[in-house]
Each structure stands twice: as C-alpha cells, then as structure tokens.
Amino acid sequence: HAYERLIKITQNESEGVDMIIIDNRMPGMSGLDIVQKLQATGLAQRIPIVLFSSAAPPSEVQAMLEAGVRASVLKAVDPDAYLASIANAVRRHLLAAPTA
C-alpha cells in the first residue's frame, strides 16, 4: 500500500523528504485517512503535506486542512498558482511547527 511505502520513505533520513503531496482519492485508502495516520505518527508535524487533486469538494478540502494538510491545489492549475500554494504550505508548516 501507498501508506506503508510513505512511512518507509519518510522514516529513512537518507531519502530527504521535504514535502508530501497527496491526492484525496487513491485506491485502498483516502487521502484523509493517510493524513490522519501521518498525524498519529508525528510525520505531519515534521513534513508539510499538500493536497493535489483534480476534484475535491469543499467539505473534503476543509477536512484535510483540519487534519493537517497545509495547502490544497487543483491539478488543473497554472504553474505560478501552484508554486504560490507550495510556498504557502511551507509557510503554514513553519508557523505551526513547535519551537524547541
């Protein structure tokens, strides 16, 4: 499953994962389910998550944001809007990160 692979990748520091970009509709598990599992493992606090989907109703986007997603981007987006959303996700992640 994608979730198990994601956990392996993010736990291996040599992989250098800086961001997780996730769809809300995947075979076997929803994006929301994966985000909630990432929250439970603490990965969502360390790595920003961006929802990248072709169709996400506002209620699903809101649920993903409440679960820890830092930004939502539609797949049919222009490159400038995409990069702005990624930068916004990183900013939100840094602002939400606990201070040591």
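The values are calculated or read from the model by the stated rules, or taken from the named source; none is laboratory data. None of the values given here were measured: they were computed from a predicted structure. Note that we place each Cβ from the backbone using ideal geometry, even for glycine, and neighbour counts take in every protein chain shown. The area values use the complete protein model at the heavy-atom level, side chains included, leaving out ligands, DNA and RNA. Shrake-Rupley method; radii C 1.70, N 1.55, O 1.52, S 1.80 Å.
Take the conditions touching a residue at least 24 places away in the same chain (Cβ under 8 Å) and of a type in the set (K, R) and apply them to R91. Does it pass?
Details: touching a residue at least 24 places away in the same chain (Cβ under 8 Å): no; of a type in the set (K, R): yes.
Taking the combined requirement at face value, the residue does not satisfy it.
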One residue from V35, V50, V17 being touching a helix residue (DSSP H, G or I) at 6+ places or on another chain (Cβ under 7 Å), part of a loop (DSSP other than H, G, I, E, B) and touching a residue at least 24 places away in the same chain (Cβ under 8 Å): V17
Which of the residues belonging to the stretch 73-87 are open to solvent by 50 Å² or more (accessible area, probe 1.4 Å) and at pLDDT 80 or above? D80, L83, A84
Conditions: (1) touching a residue at least 40 places away in the same chain (Cβ under 8 Å); (2) farther than 21 Å from A96 by Cβ; (3) of a type outside the set (G, A, S). N24 meets all but one. Number of the miss? (2)
In the stretch 75-88, which residue that is out of contact with any strand residue (DSSP E or B) (no Cβ under 8 Å at 6 or more places or on another chain) and either free of Cβ contacts under 8 Å to residues at least 12 places away in the same chain or assigned to a helix (DSSP H, G or I) (or both) is farthest from G31 (Cα to Cα)? D80
Take A96 and decide whether it is open to solvent by less than 80 Å² (accessible area, probe 1.4 Å), of a type outside the set (D, E) and over 19 Å from R5 (Cβ atoms). yes
Of the residues in the stretch 1-38 that are open to solvent by 60 Å² or more (accessible area, probe 1.4 Å) and closer than 14 Å to H93 by Cβ, the one that is modelled with the highest pLDDT is I21
Output yes when any residue across the stretch 50-59 is among the polar types (S, T, N, Q), open to solvent by 10 Å² or more (accessible area, probe 1.4 Å) and closer than 19 Å to D18 by Cα, and no when none is. no
Return the residue satisfying two criteria in turn: it lies in the stretch 62-74 and is farther than 25 Å from G16 by Cβ and either without any contact (Cβ under 8 Å) to a residue 24 or more places away in the chain or in a loop (DSSP other than H, G, I, E, B) (or both), and of such residues it is nearest to the chain's Cα centre (by Cα). L65
